[in-house]
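Beneath this line is the structure, given in structure tokens, with notes to follow.
Laboratory data are not the source of any read-out in this text; all were calculated from the coordinates shown. Note that this is a predicted model, so its numbers are computed, not measured. All Cβ positions, glycine included, derive from the backbone under ideal geometry; neighbour counts span all protein chains shown.
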Amino acid sequence: MPDAVSAGDGGLAEALAAGASLTIGVAVTVPEPFGTAIQDARAALGDPLARAIPTHVTLLPPTEVPGERLAAVRAHLAAVAAAHRPFRMLLHGSGTFRPVSPVVFVRVEEGAQECRTLEAEVRSGPLARELDFPYHPHVTLAHGLEPELLDAASARARLFDAAFTVGGFTLSWFGADGVWRPWHGYAFGAE
């Protein structure tokens, strides 16, 4: 993942130069062609966030970090990644957080335990924080839509099947334009 700041970056260069706080997240990115297939399904359902969020399995939910702590955060993430090795992930079938939250997702059938371990390690040290809900690895297919659209998403997710190797995770940041952008990729280093 590139680590450069460029024009049209949604305000990252300005925020970094000013030492401002950033909202960051850490996730396992779902590779192509699966990532686009899920985004296309979200868009077809009318999900307004379909193109604003890369397809992923969250390891750290949106978290505000003061600019002066970003170097420590990045060093922490590098250390976590270096201690892990690649693992297989299988996405298959549907799940939901309804009625607690209007979310339909694709289940992580294989690789869930590795995600739980990574999540706990990522969400420690300079990124230690409480969660609003217990951690449950998943790939969101629909969020905040009408019940009939959530039902349609659930039907689509039941048919989804993807297997791939997870070789690391990505640090992303939330731009002033409401778009999540990958910032830096961390490859696993353990053999």
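Observations, loosely collected:
- Verdict on V139 being crowded, with 18+ Cβ neighbours inside 10 Å, in contact (Cβ under 8 Å) with a residue 60 or more places away in the chain and either in contact with a Gly (Cβ under 6 Å, 6 or more places away or on another chain) or among the hydrophobic types (A, V, I, L, M, F, W, C) (or both): yes
- Entry remark, region 151-180: residues being exposed (fewer than 15 other Cβ atoms within 10 Å of the Cβ) and either over 19 Å from A44 (Cα atoms) or aromatic (F, W, Y) (or both) number 5 in total.
- Of all residues in region 37-82, those being more than 27 Å from A157 (Cβ to Cβ), touching a residue at least 60 places away in the same chain (Cβ under 8 Å) and among the charged types (D, E, K, R) number 1.
- Candidate set from region 79-93 (those that are of a type in the set (A, V, I, L, M) and touching a strand residue (DSSP E or B) at 6+ places or on another chain (Cβ under 6 Å)); member that is nearest to F160 (Cα to Cα): L91
- Counted residues, region 148-191 - those being of a type in the set (A, V, I, L, M, F, W, C), assigned to a strand (DSSP E or B) and within 24 Å of G111 (Cβ to Cβ): 9
- R69 assigned to a helix (DSSP H, G or I) and among the basic types (K, R): yes
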